[in-house]
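Peer 1: Starting off with a structure, shown below.
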Amino acid sequence: MAGLAPGRKRANPSRSSRLARVVPTYYACQRCTACCRWPGEVRVTEAEIQALARHLGLSEDDFIQYHTRVRVDRLGLSLMEKPNGECIFLGGADCTVQPVKPRQCREFPNLWRFPGFQDYCQAVPREVSDEEYLRLTQTDRPPTASPESSPQPDPICAPPSTHA
Ligand code: SF4
Ligand code: SF4
């Protein structure tokens, strides 16, 4: 879909319409937790570390020591994984830090995604109005997030077959 922003597609372009209307598609997460289990990095910013540490009642130093590791590119930190590869904060079928989970987690798959993500993610697509799309994706963002504190979209939750 070259030329269209993520989450948008052409709506039923008719022969008579040379300017097809563009409607947003919102992917409703089904909380299958697949993206919390597949290999990869969940990058965390300084602001996110502060929020996570506060949420867990830890000092930032302790949080960094016990719950993060240096990213593969060595340019920052990511959340630690359990020995089986799933995120350290996955508890059963729930994210145990849901209110303060990193923006990278919140924004997938509506504000960033990788080609073929539907093969791994069970989020259900539905066409919505522009207003609803804005409202829904707004709730994908943490209240304190700022563009500066956002990690770059990255296939940290990339499918196992393509992630190193
Ligand atoms: S922080 Fe929560 S949502 Fe993000 S990968 Fe870990 S368990 Fe999943
Ligand atoms: S893989 Fe998709 S549907 Fe499953 S928890 Fe992640 S975003 Fe939601």
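Bear in mind these aren't lab numbers, they're just calculated from the coordinates by the rules spelled out. All values derive from a computational prediction rather than experimental measurement.
Peer 1: Roughly speaking, what is the stretch gain from GLU46 to VAL72, that is 0.36 nm per residue apart minus the C-alpha to C-alpha distance, in nm to one decimal?
Peer 2: 7.6 nm
Peer 1: Quick one: Debye curve from the alpha-carbon atoms of region 23-152 only, equal weights, vacuum; give me log10 I(q)/I(0) at q = 0.14, 0.15 Å⁻¹ to two decimals.
Peer 2: Once normalised to I(0) and log-transformed, intensities are -0.65, -0.75.
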